[in-house]
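Please read the structure below before turning to the comments.
The values are calculated or read from the model by the stated rules, or taken from the named source; none is laboratory data. Quick caveat, the model's predicted, so the values are computed rather than measured. Note that we place each Cβ from the backbone using ideal geometry, even for glycine, and neighbour counts take in every protein chain shown.
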């Protein structure tokens, strides 16, 4: 691990931390047992092998629809 030569100021530390952004996982639609399921790309092979429980994952139709009721 890299070790800094000198102390980093509070301002520089916070500026560096605030610049980091998390990204949402890229979801791919996969057909399992006649049902479309959206899963993160790294899990596609595991879903095809049956290692991931697809009942706990949202379906493709439910993922695209809004969860709020229209008045």
Please indicate, with yes or no, whether at least one residue in region 21-28 is in contact with a helix residue (DSSP H, G or I) (Cβ under 6 Å, 6 or more places away or on another chain), modelled with pLDDT of 85 or more and exposed (fewer than 11 other Cβ atoms within 10 Å of the Cβ).
-> yes
If only one of 62, 45 is loosely packed, with under 13 Cβ neighbours inside 10 Å, modelled with pLDDT of 85 or more and outside any strand (DSSP E or B), which one is it?
-> 45
